[in-house]
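Data block below; observations after.
Each reported figure results from applying straightforward, stated rules to the coordinates on display, with no laboratory input. Because the structure is predicted, anything quoted here is derived from the model rather than measured. No Cβ is skipped: glycine too gets one built from the backbone with ideal geometry, and neighbour counts run over all protein chains shown.
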Amino acid sequence: MTSLRHWLKQALIYLVVAFFCFFSAFPFLIMIINTFKDDKDLYRPQNNPFIYNFPPTLDHLKFLFESTNYMTFVKNSFFVGTLVVIITLVISIPAAYSLARLTGRWGERAGIGIFLVYLVPPTLLFLPLFRTVVFLGLNNSLWSLVVIYPTISIPFSTWLLMGFFKSIPKDLEEAAMVDGYSRLAAFFKVIMPLSVSGVIAVTVFTFTLTLHEFIYALTFISSSASKTISVGVPIELVRGDVFFWQSLLAAAVIVALPVGFVYNLFLDRLVEGLTMGAVKG
Amino acid sequence: MTSTAVTPPRNFQFRSIADRENILGGIFLAPAVLYILLLVAIPFFVAIAFSVTDVSVGDTTLDFVGFRNFIVILRDPQFIRALKDTILFTIVSQVLILVFANIVAAVFTQEFRGKWLARMLIMLPWATPISLGVIGWLWMLDSKFSPFDWILVNLNLLGPGTLLGPGNHMNFLGREGLAMASVIMVYVWRNLPLASVILMAGLTSIDKDLIDQAQVDGARFWRIHFRIKIPLVLPIMYIALLFSMVFTFTDMAVVFILTRGGPVYYTQVLGVWAFFKGIQGGALGEGAAVALFFFPVLLAVAILLLRLARRTEVN
């Protein structure tokens, strides 16, 4: 009796898990399959969408890499992502340390304030920022994204790193300062080496954020050569009403899966950061 | 002469700044605060200024027009529809997300094989760039080639003489009700992972002894789940809801790529509408007025949920 109940419970768990895995991953599965589908296979509604009714082909991947701006989009995204990570780290590491150790109660409030900035949506700001970008002469330039993206990444990174610094025992710096280090030197020589994993997490989030972002990239940049992946793929790879479906789906899934994989590895730390405000703040 | 005597050696002066905590704290914090003031706070007030002027992409002078922009957009049936749809999409998707996230989180606190892989797959929609995921859905819901059509036809649910009608295609994005349902489904698909993973974190942090005690007292799985676990993770659930709501309410990528607001304007949302007005139409003032409708709602939701989270925490 108990073994039957146990068996039923296991079966139910697997059923629920399978359902949600399918719901989440189904589009990606179809994207991968379609990447290699021949035109006469794909564009015939009677064909089974899960199998290759005609031999698979690499033509559409070749088309994507050789005849479209796809590689330009990838390069642009890496350019923007790398610079935004650098700006974010340079600005939010000191800010987070300041809020965690140097500013006391006042800093705690400022920390929550900075976190709330994370909730101000790009949809509210993109019109005035578009004017700002035009005013600075940066429209149609990747530099517009380099300047604007840190407005999203700095608040969240500062918040996350603040929690990280707070979890390091104060005694460590105090011991170093007794040994004759200044506060500044103690920060660089004692705290920073201990914070490598926090800095890596922030790097990953900032970089993926620049890959995810859509509204600013859509608004600030209109020339194809300066588009990033998130806008270039859905906008530029569709010519008028002509969808190059296999190439389009390939373009999406090639970036989506690796980004999803890396992001997943750091997800627990992200959740820690998101819930920190409610539970301990 | 005296001044040299008073001035300490340079090295010492540097050290004193490096040791004075409030000064160092200020210097460390200043760039972040400055960045946010310049590119978040000021633009926010500029958005308000835009909304009461006739500024456009062509004419950038700010001429005060009072509430004219708001009156114009409030008289526009398309805007009213966008406002209603945004609210409807957000509320329905959040209800579904909360229900599903509870199921997913409850299952993932159990032991089963392949958990790591399963979690990875379930998290994918949230971890990948939204615009690329929606490209996938665009194919999945295509009017002619949707894989769902093929599945339904082969299950004998779609096609001549079947339950779902004589045609061989659902045309998910071309029919008002179905298009709205499709948009909601993509929002659920996108935000369910975040809500689930936040709830999972909450559930795993619950003191094991408490659960063991309840089991000893004879409580079963669902009773433990609803009477003990849910109340304990309530603050975290409010936070999950807050993020999920903000991301859904202010999103424009899903609708922009999936339906462009169509068919007709039946799936229009505020974000896309603000973009069409402000950037494509060039009427920055009107666009800003549309976007400003976000703010009071977001503020109210944020304050309410953060308060609720705090209060439950104290109890």
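Results, tabulated for the structure shown:
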item: For residue B:53, residues with placed amide H under 5 Å, excluding near neighbours; result: B:65
item: Proximal lysines to residue A:189, defined as alpha-carbon separation beneath 24 angstrom and excluding residues fewer than eight positions away on the same chain; result: A:166, A:170
item: Charge dipole (debye, nearest 20) of the protein assembly as shown; +1 at Cβ of Lys and Arg, -1 at Cβ of Asp and Glu; result: 820
item: Dipole-positive endmost among A:184, B:203, A:21 within the protein assembly as shown (Cβ charges, Cα centre); result: B:203
item: Using θ = phi - 60° and Karplus 6.51 cos²θ - 1.76 cosθ + 1.60, couplings along region A:25-36 (whole Hz; Gly, Pro as x); result: 9, 3, x, 5, 4, 4, 4, 5, 4, 5, 3, 9
item: Cut-off 14 Å between beta-carbons: net charge of the residues surrounding residue A:123, Lys and Arg +1, Asp and Glu -1; result: -1
item: Region A:179-218 versus region B:23-39: alpha-carbon centroid distance in Å; result: 16
item: Relative contact order (%) - region A:66-200, alpha-carbon pairs under 8 angstrom, separation at least six; result: 33
item: Charge context of residue B:196, other residues only, Cβ under 14 angstrom, K/R +1, D/E -1; result: +2
item: Value of [θ]222 nm, deg cm²/dmol, for chain A, DSSP H segments ≥ 4, -39500 (n - 2.57) each, nearest 500; result: -23500 deg cm²/dmol
item: For region B:232-315, size of Cβ-based charge dipole, Lys and Arg +1, Asp and Glu -1, in debye; result: 120
item: Separation in nanometres of the label points that stand 7 Å from Cα toward Cβ, at residue A:12 and residue B:206; result: 1.5
item: Positive minus negative residues near residue A:156 (Lys, Arg vs Asp, Glu; Cβ under 14 Å); result: -1
item: Note, ³J(HN,Hα) from phi for region A:182-194, Karplus 6.51, -1.76, 1.60, rounded to Hz, x at Gly and Pro; result: 7, 4, 4, 5, 4, 4, 6, 8, 10, 6, 4, x, 7
item: From phi via Karplus (6.51, -1.76, 1.60), per-residue ³J(HN,Hα) for region A:110-121 in Hz, x at Gly/Pro; result: 4, x, 5, x, 5, 5, 5, 4, 4, 8, 6, x
item: Of B:291, B:193, B:250, farthest towards positive along the dipole that unit charges on Lys, Arg, Asp, Glu beta carbons give the protein assembly as shown; result: B:193
item: Shielding score for A:221-233, defined as the mean number of other chain Cβ atoms within 10 Å; result: 2
item: With at most 16 neighbouring Cβ atoms within 10 Å, loop chymotrypsin sites (Phe, Trp or Tyr not before Pro) (DSSP) excluded, longest segment of chain A; result: A:53-281
item: Spin-label pair residue B:260/residue B:156, simplified geometry with 7 Å Cα→Cβ offset, distance in nm; result: 4.0
item: Helix-derived mean residue ellipticity, 222 nm - over chain B, DSSP H n ≥ 4, -39500 (n - 2.57), to 500; result: -21500 deg cm²/dmol
item: Area projected by the alpha carbon convex hull of chain B, averaged over all directions, nm²; result: 28.7
item: Point-charge dipole on Cβ atoms (K/R +1, D/E -1) for region A:49-200, about Cα centre, debye to 20; result: 300
item: Cα centroid of region A:77-129 to Cα centroid of region B:235-294, whole Å; result: 24
item: Links that overshoot a 18 Å alpha carbon limit, given the list A:37/B:144; B:115/B:208; B:84/B:144; A:227/B:144; A:37/A:62; result: B:115/B:208; B:84/B:144; A:227/B:144
item: Degrees separating the helix A:196-212 axis from the principal Cα axis of chain A, which is the longest one; result: 40
item: Chain lengthening between residue B:230 and residue B:27 when straightened (0.36 nm per residue, less Cα-Cα); result: 68.7 nm
item: Test item: A:177-187 mean partner chain Cβ contacts at 10 Å; result: 3
item: Theoretical FRET efficiency, 1/(1+(r/R0)^6), r = Cβ-Cβ of residue A:22 and residue A:171, R0 45 Å, to 0.05; result: 0.35
item: Three semi-axes of the equivalent ellipsoid, the protein assembly as shown, Cα gyration tensor, whole Å, largest first; result: 42, 33, 24
item: Rg over Rh [alpha-carbon atoms, Kirkwood Rh] for region B:196-256; result: 1.19
item: Chain B: most fluctuating residue of B:38, B:74, B:305 per GNM, C-alpha cutoff 10 Å; result: B:38
item: Positive-end residue of A:249, B:43, A:35, charge dipole of the protein assembly as shown with Cβ unit charges; result: B:43
item: Chain A: relative contact order as a whole-number percent, Cα under 8 Å and 6+ apart; result: 28
